[in-house]
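Below you'll find the structure, written out as structure tokens, and then a few comments.
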Amino acid sequence: MISDAALSLDPGPDVHPADVVAALRKRGTSLAQVARKHGYHPNGLSMVFSQFWPNAEWLISLELSRPDQPVRPWELWPSRWVRDGRGRMVPKQGQVTGRITPLLPRDRKQRPADRRHGRDRRGTRRLGTTE
């Protein structure tokens, strides 16, 4: 289990990944099950151990929490979180997040298949082409 010293608010070293995995297993779950439960690839949440990903850090900390003792991501990864002017813990600025953005189609003037057949975007034939 993760020690109380590792969960203190004093900034110190991050909790070792093996300790987090062991704590999840002690709760009867695994990192892959947490990922599947929240709609990620089974290996997707393992990125949280190598890069900053606040959403994944929250998911893991919520799985490790108990009703009488909540676990917060800044307790597991204190090097990735700082206090803002109001005393709240916020992710450090300037770090690359692990958010996965969907690939959007590029804005194209014409689709290649339409150009091949002499049609414009609307599907009408262009002048000067024979079909």
**OP:** Enumerate the amide H contacts of TRP81 below 5 Å, restricted to partners 5 or more residues apart or on another chain; note that Pro and chain-start residues carry no placed amide H.
**Re:** LYS92
Subject >> 3J(HN,Hα) from dihedral phi, segment 73-83, Karplus parametrisation 6.51/-1.76/1.60, rounded to Hz, x for glycine, proline >> reply: x, 6, 7, 8, 10, x, 6, 9, 10, 9, 8
**OP:** With θ set to phi - 60°, apply the Karplus curve 6.51 cos²θ - 1.76 cosθ + 1.60 along segment 44-61 and write out the HN-Hα couplings as whole Hz, x wherever there is a Gly or Pro.
**Re:** x, 6, 5, 5, 5, 7, 10, 9, 6, 8, x, 4, 5, 4, 5, 4, 5, 5
**OP:** Starting from the Cα-Cα distance between SER50 and HIS38, subtract it from 0.36 nm times their residue separation and give me the gain in nm to one decimal.
**Re:** 2.3 nm
Subject >> Spin-label model distance (nm) - ARG27 vs VAL82, 7 Å beyond Cα toward Cβ >> reply: 2.8
**OP:** Order these peptides, 73-86, 45-58, by their mean beta-carbon neighbour count within 10 angstrom, highest first.
**Re:** 45-58, 73-86
Original post:
In sequence order, what are the phi-derived ³J(HN,Hα) couplings for segment 31-42 according to the Karplus relation 6.51 cos²θ - 1.76 cosθ + 1.60 with θ = phi - 60°, rounded to whole Hz, with x for glycine and proline?
Top reply: 4, 5, 5, 5, 4, 4, 4, 9, x, 9, 4, x
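Readers should treat all values here as calculations from the given coordinates under stated rules, not as data from a laboratory. Because the structure is predicted, anything quoted here is derived from the model rather than measured. Glycine also receives a Cβ, built like all others from the backbone with ideal geometry; neighbour counts cover every protein chain displayed.
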